[in-house]
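This report concerns only the one structure given below.
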Amino acid sequence: MLSQDTKGLTARKSDDFSEWYTQLIQKAELIEYSPVSGCYILRPSAYHIWEKVQEYFDALIKKDGVKNVYFPLFIPESLLTKEKEHVEGFAPEVAWVETGGSSKLQERLAVRPTSETIMYDAFAKWIRSHKDLPLRLNQWCNIVRWEFKHCMPFLRSREFLWQEGHTAFAAKKEAVAEAEKMLDFYEQVFRDLYAIPVLKGRKSESEKFAGAEFTLSVEILLPQGKAIQGATSHHLGQHFSHAFEITFLDQNQKKQYAWQNSWGISTRSIGIMIMAHSDDKGLVLPPRVAQIQVVIVPILFDKSKERVLEVVKQVEKSLHAKHLRVHVDDREDYSPGWKFNEWELKGVPIRLEIGPKDIEKNQVTVVQRDLGQKEFVPVDDVGSEIVLLLDQMQARLFEKATKVLEESVIEVSTLKEAVKELEKGKIIFAPWCESLESEELLKEKTGAKSLNAPLKQPAVKGKKCFITGKPATQWYYFAKSY
């Protein structure tokens with residue numbers, strides 16, 4: 001047998017969150033660092049999570065009428081600079097290609113920081129009549145933003161994967177409805193796959209996407225008391241259609257400018273899920289995204305080995321019949337205890353132990369990753385029982401995260417109350433006048449900023465801004481954030 005020492009975590013989540021996260025993503029074999037600073041290798045178990053997001057979200061948007069495309073990675077500088085607000089928002093993060101081989105290019109090429117400009121150049125060619133609308137396209141691709149802040153795998157990197165939807169409509173009402181619908185889709189991704197509740201709403205003017213009329217977002221609270229943006233849906237209005245001459249003839253043969261949206265979710269969402277659910281033992285994966293949902297660990301002794309492996313095959317077959325993702329760890333050069341620790345570290349939702357004592361009782365020993373306690377299931381019932389337990393675990397993780405969120409949102413009416421609650425790592429919910437000056441003041445005093453304003457607003461008439469005391473215009477969520 002090899003050493004009983006595990007490759008487990010040496011940092012605790014509550015004591016040193018950054019070190020805990022850094023160890024976890026490497027030791028659980030999600031990430032490998034690359035030779036390029038700020039760029040990371042997604043290992044199979046991490047990429048599988050992204051494939052599940054692709055599969056789920058792709059089905060949602062295709063059913064809704066969106067079609068997938070692919071646009072080039074390189075964007076001519078002349079296109080990127082067509083919409084002033086947009087380019088100013090991205091200029092510090094753009095990576096440029098200036099030479100091809102040994103020849104200097106006639107025009108610099110931006111490495112895709114987002115695709116509005118290159119896509120809308122094509123939209124202007126494809127849209128001529130109201131009959132060409134709506135045009136609703138999406139692409140799954142990589143993005144490069146040359147971050148100069150502290151890079152953190154999944155959460156902030158120089159290259160990441162995402163989907164970006166880009167759409168054009170004849171009427172503003174249609175575009176706004178779609179922007180809100182996409183926000184609902186993102187909420188479903190976080191709820192149904194990641195088992196994470198979100199705060200849905202509209203971003204403040206200072207926090208909206210560069211070039212948008214308004215931005216909608218889903219925001220998530222992480223365990224250490226910081227919030228993070230999970231996905232966004234932007235209503236672009238006619239800003240880009242004017243810049244790129246995306247026009248059409250309406251039913252009266254009158255020239256009109258299109259109304260546009262863009263929307264996206266990225267691999268950042270994987271990091272959010274890791275932080276939300278995992279513990280000091282390692283990764284905790286919601287069953288729906290886990291590459292391995294069930295690991296079977298045979299307890300092998302010479303006399304009973306053959307019989308144990310027969311039962312293992314029987315159990316594996318019954319689980320495959322339920323379309324579960326199963327792995328049998330029959331390595332004989334590692335002890336069962338070592339394997340248990342390894343699979344806990346990697347976050348496999350359910351571990352099945354099958355040894356001679358289990359066979360005598362015609363049962364398997366079941367351990368759920370989030371509960372950690374042993375229970376016993378008859379061999380004949382394994383398939384249906386494990387499906388039920390996986391569903392229960394998925395729901396339990398969501399319920400736990402929802403409780404944390406609900407207990408963390410505190411309503412306040414004064415700046416003094418806000419400072420007190422933000423210091424405790426809470427999200428505050430407060431009536432606000434939406435002035436840039438007041439948001440800067442809050443940021444200066446607490447390090448917190450606005451997250452979003454729920455689309456369904458409580459009554460705000462007669463309420464005073466918690467920062468300035470002036471009449472409030474909206475209720476907003478505020479928190480310290482990534």
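We did not get these values from a lab; they are worked out from the coordinates using the rules stated. Since we're looking at a predicted model, the values are computed, not measured. Cβ sites come from the backbone with ideal geometry, for glycine too, and all protein chains shown count toward neighbours.
Give me log10 I(q)/I(0) at q = 0.27 Å⁻¹ for region 408-479, Debye formula, one equal scatterer per alpha-carbon, no solvent.
Log10 of I(q)/I(0), two decimals: -1.36.
What are the ³J(HN,Hα) values, in whole Hz, obtained from phi via the Karplus relation 6.51 cos²θ - 1.76 cosθ + 1.60 with θ = phi - 60°, for each residue of region 100-114 in sequence order, with x given for Gly and Pro?
Whole-Hz 3J(HN,Hα) from phi for region 100-114: x, x, 9, 9, 6, 6, 5, 9, 4, 10, 7, 7, 2, x, 4.
How would you classify region 24-81 from its alpha-carbon gyration tensor, with a ≥ b ≥ c the square roots of the eigenvalues: rounded for a/c under 1.5, else prolate if a/b is greater than b/c, otherwise oblate?
It comes out oblate by the Cα gyration axes.
For region 240-341, run through the trypsin sites (Lys or Arg not before Pro) and keep only the ones in DSSP coil with at most 11 other Cβ atoms within 10 Å of their Cβ. Don't jump to the answer; show the numbers that get you there.
Numbers: sites: 254, 255, 268, 281, 288, 303, 305, 307, 313, 317, 322, 325, 331, 339; in loops: 254, 281, 288, 303, 322, 325, 331.
Answer in residue order: 254, 303.
Note the direction-averaged projected area, equal to a quarter of the hull surface, for the Cα convex hull of region 323-443, in nm². The partial results should precede the final answer.
On the way: hull surface 48.0 nm².
Computing the convex hull of the Cα atoms and averaging its projections yields 12.0 nm².
Can you list the trypsin sites (Lys or Arg not before Pro) in region 135-208 that are in a DSSP coil and have 11 or fewer other beta carbons within 10 angstrom?
When the trypsin sites (Lys or Arg not before Pro) of region 135-208 are filtered for loop state and at most 11 Cβ neighbours within 10 Å, 149 remain.
At a threshold of 8 angstrom on Cα-Cα distance, excluding pairs fewer than six apart, so keeping six or more, what relative contact order does the chain reach in percent?
Values: 968 pairs, mean separation 70.7, N = 482.
Rounded, it is 15 percent for the chain.
Can you list the equivalent-ellipsoid semi-axes of region 17-277, largest first and in whole Å, using the square root of 5 times each Cα gyration tensor eigenvalue? Each step should come with its number before you reach the end.
Values: eigenvalues 198, 110, 50 Å².
Largest first, region 17-277 gives 31, 23, 16 Å.
What whole number of Å gives the distance from the Cα centroid of region 39-74 to the Cα centroid of region 416-471?
Taking the Cα centre of each part, region 416-471 and region 39-74 sit 36 Å apart.
Rounded to the nearest 500, what is the 222 nm mean residue ellipticity of the chain from helices alone, with -39500 (n - 2.57) per DSSP H run of 4+ residues and division by all residues? Present the calculation step by step, with values, prior to reporting the outcome.
Values: 14 runs with 164 residues, N = 482.
The helix-only estimate for the chain comes to -10500 deg cm²/dmol at 222 nm.
What number do you get for region 241-299 when its Cα radius of gyration is normalised by 2.2 N^0.38 Å, N = residues? Working shown, then result.
Details: Rg = 24.2 Å, N = 59, 2.2 N^0.38 = 10.4 Å.
Dividing the Cα Rg of region 241-299 by 2.2 N^0.38 Å gives 2.34.
Can you tell me what percent of all Cα-Cα pairs in region 1-149 are more than 18 Å apart?
That tail contains 74 percent of the Cα-Cα pairs.
Report the Cα centroid-to-centroid distance between region 213-228 and region 99-122 in angstrom, as an integer.
One Cα centre to the other: 32 Å.
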